[in-house]
Amino acid sequence: MEPIVAVEVGTNRVRVFVGEAREDGGLMITAVGDCASSGVRKGELFHFESVSQCLERALHQAEDAAGLTINDVHVALSGSQIEGLPNRGEIPVEGEIGPTHVEHVCRVAREVTLPADREILHSIVGQFSVDGLCGVKPEGMVGQTLAADVLIVHGKHARMYNMVRVVKGLKLEVTDILFSGLCAAMAALSAEQKLQGVLLIDLGGGTTDYMAYAQAKIADAGALGVGGDHVTNDIAKAFRLSTVEAEELKMQHGDAMVSAAGRTRRLPLPAGAGETLRTAKLSDLQNVVHLRMEETFGLIRARLQRQNLLPLLGGGVVLTGGGAYLKNVAQLAEKVFGLPCVIGGPRNVSGLTANLAGPEYATGVGAVLCAYKNACQRQEQARGLWKRLGHWFGLS
Amino acid sequence: MNLGKDNISSNPRCRILVAGVGGGACRVLDGILADWAEPPPMAAINTDDRALADSAIPLKLMIGRTIAKGMGAGGDAELGRLAASEDKDALRAMVTDYDLLILVASLGGGTGTGTAPVLAQIAREEGLLTLAYVTTPFAFEGTRRQEQAQEGMALLRQQADAVIGLPNERLHAMLPEGTPLSEAFAFVDRMMGAGIRGLWTLLARNNMLNLDFSDLQTLVENSGNECCFGYGAGAGTDRVEQALGELLEGAMLEKGRVIANSGAMLLCVAGGPDLALSELEKIHRRFQDAARPGARISMGAVVLEGWEGRLALTVLAAEHWMPPARSSGDITADDLFGAPRETAVPEGKGRRGRRAAQQSELSLVDDRGRFKDVAPTIHDGADLDIPTFMRRGIRIPT
């Protein structure tokens, strides 16, 4: 199989990952390109030329490291416009259910009317039901109605087009566009967690993606246009600092929880030449960060609560993305969701050296993993081994 | 006429919760509970689990278990605030089903001063009208408590719809020389209790002469976030004179100065079945004479069983009254003696909408900082690009 290349254009970093199939069927990451991003805000491209330059640099790095020429890529996409829409398709059946019925019901379930400016990114089959019996393997069963529950992840057409345009401008082909939250879940969650029900939150620089698995299927997905940059901006506003200074302060002392000790500790604030030295209470800084993160988690919680998903998340919460490095962020998530929370990183792949195991690499590695599994599936299909459509999405 | 038989807590017109934060306020509520036959829904909130355990109030909420460890806030308002922030969800769940929150706090201490603004903010976010009844410390309690009380008051004014201040100093003047300390505090608690009771009785009951939630809403929303409260009582044949004298010449309303300055006031008369029309007329006339010309006086009366020969007057006055856009004015004879008006249903949702509109007006482009060039992230009407602390009106000192 050809090496697989995934591109992740984030708000703070642009990363390129190259993966190759191993003989035992596993996946190995063989090269990475990584450079600072510019021209992206809140996951949306707003300056094509800058984005293009960053991407080119990252691609070159990856090409040099892998010793190959990259021709086509998979793109991981985020942004606040991405939404999950659960839908159910139902068809009447007669006699034994065969692959054609399954294919048919999936097609029906995917038929949703979206606003004209939106396009389906993924449609993920969660489970099948035969005559109201949920979670069955329908082939070979006999019944009168066959239903499929799918989650349709959709985004704005224009945003996808922008991304494709930038990639094509570098004389590359886009094989597929993947929702970055799904990619992160792919990389960071175990099959067991998905069975138990789990919530993955990817804390990016400009966006926060989430993906919820309940009752062994994907139950909800979405993205918020709020990320680590907002924390930085809040700090900058609160203490009248530049973005760079605020970022530095966040890295050094940022904390998602307010500590009693923070009330007595004062931090020196960066001051320009000739300015008198200013200080701020650590607890004030903690509070600014806390309020933002609590709100972000709260928005996700509210959404899950509306669908009564919270009690189904026995596997707890997994945090990925660069924002997972924020001190006490897992503690805060535990409090907001009332569920155990851990920091996750890429797993399910080999060849990762220690410096690729961090939570910020989950999306990129997951994108390669997604693409690889897609490719495997296509191969199997080509060999005539029809498998349940998209079954790996739900449970791998 | 239905005399005190209606089940108040299930009254759908206006669901009122009386919440006391901190030790002082819980004592006030305990006082209300002790001499009130049908108490309203009340909640006690404290960081001190022993004080909470001693309270007779049925609904108790212990906050800041992690941060204060059940030992109280030790007079530190910051600790009180953190404790409340820790248990925001519990506070939210507590208030969410009500229309009006009467928040009782004695400012100056740790829990009351720190927690009250947080609770008011939560109530505001949930669309409740919030009236904060607060006392400020006696001068002898020290400057630190005074300063802390002032800071708490300023924060509370930002969050609550109206803050009704009852400076202990003012009450001091009402007490005879040589009053024991414990009695002085008990007196403060009694006055607070009486005020809360007066207001609550007025709103929650099906009264002979109705004042309703919308009257109160109009008063507090245009009060410049500050109301004064007065209470006077009398018994026997010259009960009206006694009560009026206590109110208009007493220290609580600064010998009538507050009434003279106020642009609008809400007047509640509570009496027994023998409450006479002429008495109401007399009270109204006296207030009209005492108030400045054109002041808006809304009056309500309630008849309580077992109150024969007794009379109590409760006044809420807005010194910084800003008339709403639609015309305001005196009450007319129709208002006073006409048929009881239809009670308005409080507009919880509407209020929330109003707040949101105000907020978007205030959100200057600059608050968006580095996001000022890109499309805003709007979620439920809030611009998430604006720092959370700013949207919540939390002041970060720099």
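The values are calculated or read from the model by the stated rules, or taken from the named source; none is laboratory data. No experiment lies behind these values; they were computed from the predicted model shown. Ideal geometry is used to build each Cβ from the backbone, glycine not excepted, and the neighbour counts take in all protein chains shown.
Checking each residue in the range B:245-269 for being more than 21 Å from residue B:176 (Cβ to Cβ) and either of a type in the set (Asp, Glu) or in contact with a Lys or Arg (Cβ under 8 Å, 6 or more places away or on another chain) (or both) picks out B:260, B:261, B:262, B:263, B:264, B:265. Taking the criterion of being modelled with pLDDT under 95 and over 19 Å from residue B:92 (Cβ atoms), the only residue of the range A:289-307 that qualifies is A:307. Please work out if residue A:206 is within 12 Å of chain B (Cβ to nearest Cβ), in contact (Cβ under 8 Å) with a residue 24 or more places away in the chain and crowded, with 18+ Cβ neighbours inside 10 Å. When the stated conditions are applied, residue A:206 passes them.
Taking into account only those residues within the range B:372-391 that are farther than 14 Å from residue A:296 by Cα and either more than 8 Å from chain A (Cβ to nearest Cβ) or surrounded by 14 or more Cβ atoms within 10 Å (Cβ to Cβ) (or both), which is modelled with the highest pLDDT? The extreme case among them is B:390. In the range B:106-135, the residues that are surrounded by fewer than 24 Cβ atoms within 10 Å (Cβ to Cβ) reach residues that are of a type in the set (S, T, N, Q) and outside any helix (DSSP H, G or I) with C-beta atoms within less than 7 angstrom, at least six apart or across chains, in these pairs: B:124/B:130; B:126/B:96.
For the range A:177-185, the condition of being in contact (Cβ under 8 Å) with a residue 12 or more places away in the chain and surrounded by fewer than 22 Cβ atoms within 10 Å (Cβ to Cβ) holds for at least one residue. Starting from residues that are more than 18 Å from residue A:324 (Cβ to Cβ) and either of a type in the set (Lys, Arg) or under 17 Å from the mean Cα position of the chain (by Cα) (or both), keep the ones in the range A:215-225 and report whichever is farthest from the other protein chains (Cβ to nearest Cβ). The qualifying residue farthest from the other protein chains (Cβ to nearest Cβ) is A:217. For the range A:210-225, which positions are surrounded by 24 or more Cβ atoms within 10 Å (Cβ to Cβ) and not in a strand (DSSP E or B)? Selection gives A:225 alone.
Selection of the range B:137-165 for residues being over 20 Å from residue B:76 (Cβ atoms) and surrounded by 22 or more Cβ atoms within 10 Å (Cβ to Cβ) yields B:160, B:161, B:162, B:163, B:164. Among residues of the range B:369-389 that are under 17 Å from residue A:243 (Cβ atoms), those with a beta-carbon under 9 Å from a residue that is of a type in the set (Asp, Glu) and assigned to a loop (DSSP other than H, G, I, E, B) at least six positions away or on a different chain give the pairs B:369/B:385; B:370/B:385; B:371/B:385; B:372/B:385; B:374/B:385.
Selection of strands (runs of 3 or more DSSP E) fully inside the range A:81-143 by the criterion of at least 1 residues being buried (at least 20 other Cβ atoms within 10 Å of the Cβ), within 21 Å of the chain's Cα centre (by Cα) and of a type in the set (A, V, I, L, M) returns A:118-130.
Just one residue in the set A:40, A:32, A:51 is over 21 Å from residue A:175 (Cβ atoms) and β-branched (Val, Ile, Thr); that residue is A:40. Only one of the listed residues (A:43, A:33) is buried (at least 18 other Cβ atoms within 10 Å of the Cβ) and within 14 Å of chain B (Cβ to nearest Cβ). That residue is A:43. Examine the range B:160-167 for a residue that is more than 24 Å from residue B:215 (Cβ to Cβ), in the same structural domain as residue B:78 (by TED's automatic domain parsing) and of a type in the set (Gly, Ala, Ser), and state whether such a residue exists. No, every residue in the range B:160-167 fails to be more than 24 Å from residue B:215 (Cβ to Cβ), in the same structural domain as residue B:78 (by TED's automatic domain parsing) and of a type in the set (Gly, Ala, Ser).
The residues of the range A:9-43 that are without any contact (Cβ under 8 Å) to a residue 40 or more places away in the chain and not in a loop (DSSP other than H, G, I, E, B), listed by number, are A:20, A:31, A:33, A:34, A:35, A:36.
Matching residues to (1) part of a helix (DSSP H, G or I); (2) touching a Ser or Thr at 6+ places or on another chain (Cβ under 9 Å); (3) at pLDDT below 75; (4) not aliphatic (A, V, I, L, M):
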position	(1), (2), (3), (4)
B:176	no, no, no, yes
B:182	yes, no, no, yes
B:185	yes, no, no, yes
B:190	yes, no, no, yes
B:194	yes, yes, no, no
B:200	yes, no, no, yes
B:219	yes, yes, no, no
B:224	no, no, yes, yes
B:230	no, yes, no, yes
